[in-house]
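What follows is calculated from the coordinates using simple rules that are stated; it is not laboratory data. Note that the structure is predicted; figures quoted are calculated from it, not measured. In this analysis, Cβ positions are derived from the backbone assuming ideal geometry, glycine residues included, and neighbour counts consider all displayed protein chains.
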């Protein structure tokens with residue numbers, strides 16, 4: 001609400017300078033980012049079942065998938081799509097492997113910790129990174145125990161024009177993303193386990209002999 005009022009005031013009242021507006025927005029964004037970070041700061045590991053629903057701009061469903069996320073700070077995660085088409089993404093913070101079982105191939109890429117490109121890394125909860133990459137505001141929620149944070153990218157080449165994270169009693173409940181084409185993707189988390197021990201072997205990949213390997217890292 002404060003963000004909206006300040007924005008409208010800047011448009012309507014010539015006495016308010018653009019620089020003053022930017023400074024105030026940065027302060028509000030920093031405060032919201034700190035609140036978001038505080039909810040995630042003590043979360044070293046996370047495992048969850050994730051329902052992913054993608055909608056067209058007009059609301060038509062494009063795809064719905066069921067996945068499992070295993071994440072360990074600062075940059076290790078495994079994202080396994082269980083249905084309708086099995087697929088696995090794994091990163092150890094250096095490389096990322098994408099196993100496409102129906103195509104019998106695995107693609108290797110260099111991993112980037114740019115949260116603009118890999119928004120699941122928002123769950124790392126680093127307030128400095130969040131503030132540097134996004135304007136953050138905190139939305140009012142009528143339901144008890146729920147908090148929602150709205151994130152807008154500071155750069156124009158971001159994959160998403162708007163994101164949100166919703167928490168229920170300090171636990172992540174939903175993430176939403178909206179692309180520049182109006183596509184909307186919602187991630188709903190269930191059966192969360194926070195700070196459970198993670199087997200490090202999950203992030204150590206042995207390439208199967210029966211799959212084609214496509215190496216895009218450019219490394220020898």
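Brief remarks follow.
- Mean-position separation - Cα centroids, segment 77-116 and segment 188-220, in angstrom: 7 Å
- Between residue 114 and residue 183, the contour length at 0.36 nm per residue exceeds the alpha carbon distance by 22.7 nm.
- Protection proxy ranking of 85-96, 153-164 - average other beta-carbon atoms within 10 Å, highest first: 85-96, 153-164
- Between residue 63 and residue 169, the modelled label-to-label distance comes to 3.4 nm, taking each label 7 Å out from Cα in the direction of the beta carbon.
- In a fully extended conformation the segment linking residue 195 and residue 146 would gain 15.5 nm over its present Cα-Cα distance, using 0.36 nm per residue.
- At 1.306 mPa s and 10 °C, Stokes D of segment 57-210 from Kirkwood alpha-carbon radius, µm² per second: 93 µm²/s
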